[in-house]
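To start, the structure itself, in structure tokens.
Rule-based calculations on the coordinates, nothing more; no lab input. Source: prediction; values computed, not measured. Every residue, glycine among them, receives a Cβ derived from its backbone with ideal geometry; neighbour counts consider all protein chains shown.
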Amino acid sequence: MPTVILLDVSLSMTRPVQLNDGSETIRKQLAEIGINAFLDHLSVHSKLEFISLLDNLLLSFACQHGNPKLPF
């Protein structure tokens, strides 16, 4: 089954997040870590999985121009 990963690249993803160990990071870095862990898992357990990575800028561009269908 195809997998589509959407990544929010808006300004809100640069907001800081306080981690349990007291350090601070931004939401985008947490999303990247999560996506990498997910892709690593799929590469081991689902070698034939088709994966597409999109950001919401592409989606919003398509919707703003009256074409909510993407080219895949």
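Summarising the label geometry, the points placed 7 Å from Cα in the beta-carbon direction at Ala31 and Val4 lie 1.6 nm from one another. Charging the Cβ of each Asp and Glu at -1 and of each Lys and Arg at +1, and nothing else, the dipole of segment 1-52 about its Cα centre rounds to 120 debye. Note on Glu24 and Ser46: the extension gain reaches 4.6 nm, defined as 0.36 nm multiplied by sequence separation minus the Cα-Cα distance.
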